[in-house]
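For reference, the structure is listed below as structure tokens.
The values are calculated or read from the model by the stated rules, or taken from the named source; none is laboratory data. Every value quoted in this text rests on a predicted model; they were computed, and no experiment measured them. Using ideal geometry, Cβ is built from the backbone for each residue, glycine included, and neighbour counts are taken over all protein chains shown. Protein only, heavy atoms only, side chains kept; ligands, DNA and RNA dropped before computing areas. Shrake-Rupley method; radii C 1.70, N 1.55, O 1.52, S 1.80 Å.
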Amino acid sequence: MPNLEALLQAGIDPHTGLPLKCCSGSMLKESVEKLLRVVDRQDAINRFEWSGLPEGLSADLIERILYYRGQGIFFRMRADDRYYFLPYALCGTIDIYGRWKQVTPLPFNGKMDTDKAWIQGLIKNPVYDTSDIVDVDDACVIIRDYTSSIDQTIIPREVLNKPLVGIESDCIPFLRTALLNSTGVQGIRVADEESSGNVLAASHAIDNAALTGNKYVPIVGALDFQDLTSGKTTDASQFLMCMQSIDNLRLQMLGIKNGGIFQKTEHILQTEQDLNTGSDSITLKDALKQRQDACELINAIFGLNVSVKPIKQEQPASIDNIEIEEEEEDVLSND
């Protein structure tokens, strides 16, 4: 396997073998998707505010584990008298409700497929009700990102949102292609497979021609000129509207206020805006309940004072909101 990182550092596109400057659009989707993954992680992790956490644990660490693993266990180690929050795996039997009776902590070291126990032989007993509290040194509390289904494991939020992030990242390359096609520069076709490198070079030349305003591109060889588009170019704003709708859907999956999946381009009423954004989200309430229920068990078992609350969400800014505010100000001034 080639060392892709070394190739990228050297300025070589590993997919084509050509310099990156000759493939300006080849990594556009990957780059945009990386940016959107960061935004998705920030949105998910910063939905809640934790307080009263013991030394060694932070809200960022807990939410990162929930984002990448979906669930984890809160427990105390007698050896160092410290509290931990880690992913876990089944290590024993289940009760009549299918809940895990014994689990073992797993390391959170950046690997998604790790199933190796953190400490061999370390077993913790999950507590699901205050009446079932056992020895503090053996007890643990499960915290989930959202309500589980029949199975006691859930799909991490990072995995759930990945398809939406992928579709959203397509919009920028599509937008770029639409704008490129609207310049009127024509694509070319070579006669044999061996000339694939010439095609890539021609693509780079087309980009430069579009950016510099040149109508024709000089090509050496017997080439067949063809119009690669239907002649119709979608309005660039349509791609941005599509991207905004997908992003709103992603935010809706996180329980974060947004402008709605479908946003009107015309002026809308305040009632329509309220219906789009919504004042409360069942998704956010479910995630909050999972955390608050866990906090009650943690405080009852370990004598702590851990609490969590949602971070206040601001109303999504939009042109429509500005128009609504201006109208309200006009009404007040007329009164």
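Quick look at the values:
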{"quantity": "Top-ranked residue of region 251-267 - restricted to ones that are open to solvent by less than 70 Å² (accessible area, probe 1.4 Å) and outside any helix (DSSP H, G or I), ranked as modelled with the lowest pLDDT", "calculated": "GLN263"}
{"quantity": "Qualifying residue in region 31-41 (condition: in a helix (DSSP H, G or I), within 25 Å of ASN305 (Cα to Cα), among the aliphatic types (A, V, I, L, M) and without any contact (Cβ under 8 Å) to a residue 24 or more places away in the chain)", "calculated": "no"}
{"quantity": "Whichever residue in region 234-250 is over 18 Å from the mean Cα position of the chain (by Cα) and assigned to a helix (DSSP H, G or I) and, among such residues, is surrounded by the fewest Cβ atoms within 10 Å (Cβ to Cβ)", "calculated": "SER237"}
{"quantity": "Output for region 130-147, where each listed residue is modelled with pLDDT of 90 or more and out of contact with any Pro (no Cβ under 6 Å at 6 or more places or on another chain)", "calculated": "ALA139, VAL141, ILE143, ARG144, ASP145, TYR146, THR147"}
{"quantity": "Residue in region 74-97 that is within 26 Å of GLU33 (Cα to Cα) and either at pLDDT 90 or above or open to solvent by less than 70 Å² (accessible area, probe 1.4 Å) (or both) present", "calculated": "no"}
{"quantity": "Residue list for region 126-162, filter: touching a residue at least 24 places away in the same chain (Cβ under 8 Å), part of a helix (DSSP H, G or I) and within 22 Å of GLY92 (Cβ to Cβ)", "calculated": "THR130"}
{"quantity": "Counted residues, region 122-142 - those being open to solvent by less than 70 Å² (accessible area, probe 1.4 Å) and small (Gly, Ala, Ser)", "calculated": "1"}
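For every residue, the table says whether it meets (1) modelled with pLDDT under 90; (2) open to solvent by 30 Å² or more (accessible area, probe 1.4 Å); (3) among the charged types (D, E, K, R); (4) touching a strand residue (DSSP E or B) at 6+ places or on another chain (Cβ under 9 Å).
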| position | (1), (2), (3), (4) |
| --- | --- |
| ASP274 | yes, yes, yes, no |
| ARG291 | no, no, yes, yes |
| LEU297 | no, no, no, yes |
| ILE301 | no, no, no, yes |
| GLU314 | yes, yes, yes, no |
| ASP320 | yes, no, yes, no |
| ILE324 | yes, no, no, no |
